[in-house]
Amino acid sequence: MPTYQSPGVYVEEAEAGSRPIEGVGTAVAAFVGLAADGPFNQPTLVSNWSQFTQTFGDFVEGSYLAHSVYGYFSNGGGNCYVVRIGEDGGGSAKELNGPAQGSLGSYRIQAIESGKRGGDITVEAVDAGGDSPPENGLKLVIRKGGRVVEEHDGLTTTPGPKNVVTAVNAQSKTIKIEETASGGAIDLPKGNKVKLAAESVGREPAGLVPDDYVGDASDRTGFGGLEAIDEVTMVAVPDLMSAYQRGTIDLEGVQAVQLGMIAHCELMGDRVAILDPPPGLNAQQVKEWRVDKARYDSKYAALYWPWVKVFDPVSGKGSLVPPSGHVAGIWGRNDDTRGVHKAPANEVVRGAIELETQITRREQELLNPNGINCIRAFPGRGIRVWGARTLSSDPAWRYLNVRRLFNYLEESILNGTQWVVFEPNDDALWAKIRRTISAFLVMEWRRGALFGLTPDEAFFVKCDRETNPAEGIDSGEVVCLIGIAPVKPAEFVIFRLSQMSGGTSLVSE
């Protein structure tokens, strides 16, 4: 307060009312992976596809980073940060091995375990065994390291439940088969065998291990370096799966990196990890991997399955890619058009030609309760995301939009109340805090983010003498209690129909 000594007229500026809280951004993705060019381990802001190609180069064979970023922008994503990993100091590189595969007649056989782990598999077609084998029946004998690991008997090349493609892909944990004949005769010669071989698909920096993906916050490497970027709200590591396919990282390494992603998001408290499942899994296998092997339990992570097929400019044909990049773009599009409170589901996956696996409603009933968000193809409605759950076992944080809404509200309130620090801790300050936060939450309620017919039903803000006793004031603390009723998605829509008699009754009741 100035001291007035001389008579006269004075004009002063004074604050009017409470200070408004501005909402923070909710859809800024971060991608970690391998690129053809660009700086190593330096989070770089990219706003469109042209900027990405100028900084990190175009599509690279054996890498999913470019496909994921392209899918992110094509699905409505805005700004994102890209972290290129793979620097080994000496600039050395090694050959990358693709999936081990081979041909047997009119069929292509590919190992589920890719790279070197799939290179010692031999598949042989012999006559069907048993007392009454089917006409032209055959048996596939699968050996790994010279030892028989699987036998599939009573197979045929004709349509039906014992068709070689249908039966083997449903039962085998070692290989998967697809027909290569188009319009011609289907042939699977008996007595022939093939040894699956992994082909070189390029070169990458030597010594790529899970630590390269996880990185370190102090050294600003991997996704650990993203701790310094406060704007990030979602994290994806698509090239983790390319390393797994090449055999440089095993399933335990995949799990270690994904646990690191979850730990990073839980530590930051303002972002969600988008996890990719391993490739080549059917509905039962992805459930077993999620429940029995990975065993993730976090409200800061979401898992999407299956992989999507997109056009690959490098090979000139369709290629399966992890869904995380496209999903991140859908989250951004959903936030722009509806708001972060709307569940990012029932949205079309732009750029998706086909899915790795076509699943049924019954199969999704097995996966949805375990937090596996399915991507499904619907006749006449395209390929859509058909799930919006986190990987949390806590029912309060089951839905992804609830977690992301709270991230948004917490970060907005945190940034918008910095002026409170070092203010006089009295009733006037508490009233200002109540007005500031209530005004912000009323706006969110009007946007449809909170449940209730009135603001009193949607939230409460309590900051008074009850929450701030003398002991707390002496400690320099201001405590404000905020209760919020978020909207939940209508996940199960039920219409109950019953018959009723038409006409007019002659009986008066």
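Observations on the structure shown:
- Residue, nearest to ILE330 (Cα to Cα), within segment 224-256, restricted to residues that are of a type in the set (Asp, Glu) and not in a helix (DSSP H, G or I): GLU231
- Of the candidates LEU453, LEU441, the single residue that is open to solvent by less than 60 Å² (accessible area, probe 1.4 Å) and hydrophobic (A, V, I, L, M, F, W, C) is LEU441.
- Residue that is touching a Lys or Arg at 6+ places or on another chain (Cβ under 6 Å) and crowded, with 17+ Cβ neighbours inside 10 Å, where the choices are ALA66, ALA35: ALA35
- Some residue of segment 317-327 being part of a loop (DSSP other than H, G, I, E, B) and open to solvent by 50 Å² or more (accessible area, probe 1.4 Å): no
- Among residues of segment 55-69 that are without any contact (Cβ under 8 Å) to a residue 24 or more places away in the chain, those with a Cβ under 9 angstrom from a residue that is open to solvent by less than 40 Å² (accessible area, probe 1.4 Å), sequence gap 6+ or separate chain, pair up as GLY57/ALA35; GLY57/GLY38; GLY57/ALA66.
- With respect to the conditions (1) farther than 22 Å from TYR244 by Cβ; (2) out of contact with any strand residue (DSSP E or B) (no Cβ under 6 Å at 6 or more places or on another chain); (3) modelled with pLDDT of 85 or more, GLU151 lacks only one, and its number is (2).
- Criterion (within 16 Å of the chain's Cα centre (by Cα), farther than 26 Å from TRP49 by Cβ and at pLDDT 95 or above) met by exactly one of ALA294, ALA301: ALA301
- Residue within segment 481-501 that is in contact with a helix residue (DSSP H, G or I) (Cβ under 6 Å, 6 or more places away or on another chain) and closer than 24 Å to GLU15 by Cβ present: no
- Qualifying residue in segment 270-280 (condition: within 22 Å of SER63 (Cβ to Cβ), open to solvent by 30 Å² or more (accessible area, probe 1.4 Å) and of a type in the set (Gly, Ala, Ser)): no
- Residues of segment 132-177 that turn out to be surrounded by fewer than 16 Cβ atoms within 10 Å (Cβ to Cβ), of a type in the set (Lys, Arg) and over 35 Å from the mean Cα position of the chain (by Cα), as a count: 1
- Single match in ASN407, ASN415, ASN401 (criterion: open to solvent by 40 Å² or more (accessible area, probe 1.4 Å) and more than 30 Å from ILE177 (Cβ to Cβ)): ASN415
- Every condition in (1) among the aliphatic types (A, V, I, L, M); (2) at pLDDT below 85; (3) assigned to a helix (DSSP H, G or I) is met by VAL69 except one, and the failing one is (2).
- Within segment 370-398, the only residue that satisfies the criterion of being surrounded by 18 or more Cβ atoms within 10 Å (Cβ to Cβ), out of contact with any Phe, Trp or Tyr (no Cβ under 8 Å at 6 or more places or on another chain) and hydroxyl-bearing (Ser, Thr, Tyr) is SER392.
Every residue, every condition in (1) of a type in the set (D, E, K, R); (2) at pLDDT 95 or above, yes or no:
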| site | (1), (2) |
| --- | --- |
| LEU481 | no, yes |
| VAL493 | no, no |
| ARG496 | yes, no |
| MET500 | no, no |
| GLY503 | no, no |
| VAL507 | no, no |
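- Among the residues making up segment 215-246, those that are open to solvent by less than 40 Å² (accessible area, probe 1.4 Å) and either among the aliphatic types (A, V, I, L, M) or without any contact (Cβ under 8 Å) to a residue 40 or more places away in the chain (or both) are ALA217, LEU226, ILE229, VAL232, MET234, VAL235, ALA236, VAL237, LEU240, MET241, ALA243.
- Whichever residue in segment 287-316 is of a type in the set (Lys, Arg) and outside any loop (DSSP other than H, G, I, E, B) and, among such residues, is most open to solvent (accessible area, probe 1.4 Å): LYS293
- As a summary of the residue check, GLY78 satisfies the conditions (1) crowded, with 18+ Cβ neighbours inside 10 Å; (2) at pLDDT 75 or above; (3) farther than 22 Å from LYS173 by Cα except for the one numbered (1).
- Residue match in segment 466-483 (condition: touching a residue at least 60 places away in the same chain (Cβ under 8 Å) and surrounded by 10 or more Cβ atoms within 10 Å (Cβ to Cβ)): yes
- When residues in segment 1-32 are screened for being among the hydroxyl-bearing types (Ser, Thr, Tyr), surrounded by fewer than 14 Cβ atoms within 10 Å (Cβ to Cβ) and under 30 Å from ALA428 (Cα atoms), 3 of them pass.
- When the test is whether a residue is buried (at least 22 other Cβ atoms within 10 Å of the Cβ) and modelled with pLDDT under 95, ASP335 passes it.
- Number of positions in segment 265-286 that are more than 16 Å from the chain's Cα centre (by Cα) and not in a loop (DSSP other than H, G, I, E, B): 5
- Odd one out for ARG446 among (1) over 16 Å from PRO486 (Cβ atoms); (2) open to solvent by 40 Å² or more (accessible area, probe 1.4 Å); (3) not aliphatic (A, V, I, L, M): (1)
- Within segment 41-63, if we keep just the residues that are touching a Ser or Thr at 6+ places or on another chain (Cβ under 7 Å), part of a loop (DSSP other than H, G, I, E, B) and among the polar types (S, T, N, Q), the residue that is farthest from ILE229 (Cα to Cα) turns out to be SER63.
- Residue satisfying all of: in segment 198-214; at pLDDT 60 or above and either of a type outside the set (A, V, I, L, M) or closer than 19 Å to ALA256 by Cβ (or both); most open to solvent (accessible area, probe 1.4 Å) among these: ASP211
The values are calculated or read from the model by the stated rules, or taken from the named source; none is laboratory data. Computed from a predicted model, the values in this text were never measured in an experiment. Note that each Cβ is placed from the backbone with ideal geometry, even for glycine, and that neighbours are counted across all protein chains shown. Each accessible area value is taken on the protein alone, full model and side chains, heavy atoms only, with ligands, DNA and RNA left out. Shrake-Rupley method; radii C 1.70, N 1.55, O 1.52, S 1.80 Å.
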